[in-house]
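Have a look at the structure below, then the notes.
The values are calculated or read from the model by the stated rules, or taken from the named source; none is laboratory data. Predicted model only: the values in this text are computed from it and were never measured. Counting neighbours? That spans all protein chains shown, and the Cβs are built from the backbone with ideal geometry, glycine included.
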Amino acid sequence: MSLIERVTRATLCLHLAPHGLHGALRRAGRPLPDSAFHLPIHNPDASWEVALASLRGWLEQDGGEKLPLAVSLASRWCAMLMVPWSSALLDRISAQRFLHSQFAAVYGDGARAWHLTADEAPYGKPRLACGIDAALLQGVQDAAAAHGRRCLSIEPIVGPAWRSIAAAKPAAFALVEAGRLLLATTGGGRITALHSQSCGAVWGDELDRAWLRWNLRASQLDAIEHVALLDLSGMPQEELPARFQPLPVAGAAHLMREAAWA
Amino acid sequence: MGLSRLEFLAPGAVQTFKGWRLALCLASGLLLLPAAVYWLVQTQETRRLEAQLAQLQPARPVRAPLSASQQRERDLELKQVAAAVRQLNLPVTRLVRTVQPPRDVRVALLGLDLNAQQGQDGASVLKIAAEAETPQDMLNYLAFLNQQPMFSSVYLLKHEMNANAPEHAYRFQLEAQWRQ
């Protein structure tokens, strides 16, 4: 064991999805061998309450060391939106008000009960924002606190997914989870546009159609030849259009490379 | 430029300064503590030495301002002192040596007046009284003095023939402006 491994604590990376809880241990940014696990969740309605209950149950049963947690959430429970620049984003309280107004305009008044966060994009640039049910966020924090664990980060899976492939600088990427697919374009290290929709078990054709439909709305996508593909669905597709180039992913929890340093 | 990050947990101060971060801050503070103490001691010592230095400086006497009449008296005294100093500093020997006529110029010096007023350009004035047997000797002497580098200008003030003298000698006065 190297010195840096001796002085750094491991982090338990968890990915909470409607139909499973994925986990892996990381120390100094690297996954520990044979530490990955997967806990299936029977959740026909894909509700976060059931998944959260499974997380609580797993934390209760886990009698190991109380390692800090880095949690990623499935895109199904995360509403994404590109919000225009506003000076209100410079202040934390006014930023929440501004984000709530933007989300309410798209997702309705139900978004008033969400907890919202936005990317730290440069001044004057549109920002990627995400909202989740405030009760879900509080539930994850309470579950961790109830078992004496510290939460280092809670974020939507698209964040770790992008950061895990950002070094290759793809112009666009697709993230496919069970029942959900997400398309994003990138530039300057940031996600610049995003499209999210539900999908079925045979998502290969839906992915291509989603890309084409998005292309009709955003003509700048014409210039993008290749789209990096991260498949977390557990349902690999045999024939995918050549535009999509699959990248090897061991599991959702393995994407959280930076969580150990948070 | 940083990568996109959507973090729901606000990075609070409590979370930031926990664990190894807190330990690192404390260790840094402990490391800097001796330096801070040393700096404080040095500052106090410097202040103490500066205060001592200020006490050792000789106190400058404060003079009361003079009244107008006193100031006039003071100016007068200063002028007199300056005149006395100027007199004491006159190069008398050099002047006497310079005005000595050469052998071929038969002129007898009768008197030198060094107390004449200064000229407008600050040059001092020397008045010379002399006697010559012939007008030619008088003019030769005038030309001789004009050639001396010590004199800037020499001119004849007056001349007269002494009818009482047996050989009717010429008496004349010259004024020479000189610089040191």
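A few notes on this one:
- Residue satisfying condition, being in contact with a helix residue (DSSP H, G or I) (Cβ under 6 Å, 6 or more places away or on another chain) and assigned by TED's automatic domain parsing to the domain that holds A:Ser87, within set A:Ala143, A:Ala129: A:Ala129
- One residue stands out in region A:123-137 among those that are touching a strand residue (DSSP E or B) at 6+ places or on another chain (Cβ under 8 Å) and in a helix (DSSP H, G or I): the one that is farthest from A:Leu232 (Cα to Cα), namely A:Ala134.
- Checked against (1) surrounded by 20 or more Cβ atoms within 10 Å (Cβ to Cβ); (2) within 18 Å of B:Leu114 (Cβ to Cβ), B:Ser153 passes all but condition (1).
- Hey, A:Thr185 within 22 Å of A:Leu128 (Cβ to Cβ) and in contact (Cβ under 8 Å) with a residue 60 or more places away in the chain or not: no
- In region B:9-42, residue modelled with the lowest pLDDT [restricted to those that are surrounded by 10 or more Cβ atoms within 10 Å (Cβ to Cβ) and touching a helix residue (DSSP H, G or I) at 6+ places or on another chain (Cβ under 8 Å)]: B:Phe17
- For region A:197-222, a tally of residues being surrounded by fewer than 19 Cβ atoms within 10 Å (Cβ to Cβ) and within 24 Å of A:Arg163 (Cβ to Cβ) returns 4.
- Some residue of region A:183-194 being more than 14 Å from every other protein chain (Cβ to nearest Cβ) and under 17 Å from A:Pro18 (Cα atoms): no
- Test result for A:Leu32, outside the structural domain of A:Asp142 (by TED's automatic domain parsing) and either closer than 20 Å to A:His115 by Cα or not small (Gly, Ala, Ser) (or both): no
- A:Pro170 vs. criteria buried (at least 18 other Cβ atoms within 10 Å of the Cβ) and assigned to a loop (DSSP other than H, G, I, E, B): yes
- Matching residues in region A:54-111 - criterion: being touching a residue at least 40 places away in the same chain (Cβ under 8 Å), outside the structural domain of A:Gly139 (by TED's automatic domain parsing) and exposed (fewer than 13 other Cβ atoms within 10 Å of the Cβ): A:Pro84
- Given (1) charged (D, E, K, R); (2) over 17 Å from A:Ser75 (Cβ atoms); (3) not in a helix (DSSP H, G or I), index of the condition A:Glu155 fails: (2)
- Per the listing A:Ser153, A:Ser196, the residue uniquely under 30 Å from A:Gln61 (Cα atoms) and touching a strand residue (DSSP E or B) at 6+ places or on another chain (Cβ under 7 Å) is A:Ser153.
- Qualifying helices (runs of 4 or more DSSP H) (wholly inside region B:1-104; at least 3 residues being touching a residue at least 12 places away in the same chain (Cβ under 8 Å)): B:92-99
- Region A:133-160 residues that are within 11 Å of chain B (Cβ to nearest Cβ), paired with ones that are of a type outside the set (A, V, I, L, M, F, W, C) and surrounded by fewer than 24 Cβ atoms within 10 Å (Cβ to Cβ) (beta carbon under 6 Å, 6 or more apart): A:Ala134/A:His115; A:Leu137/A:His115; A:Arg150/A:Pro68; A:Cys151/A:Gln141; A:Leu152/A:Pro68; A:Ser153/B:Glu7; A:Glu155/B:Glu7; A:Gly159/B:Arg5
- Filter result (of a type in the set (Ser, Thr, Tyr) and more than 8 Å from chain B (Cβ to nearest Cβ)) within region A:113-132: A:Tyr123
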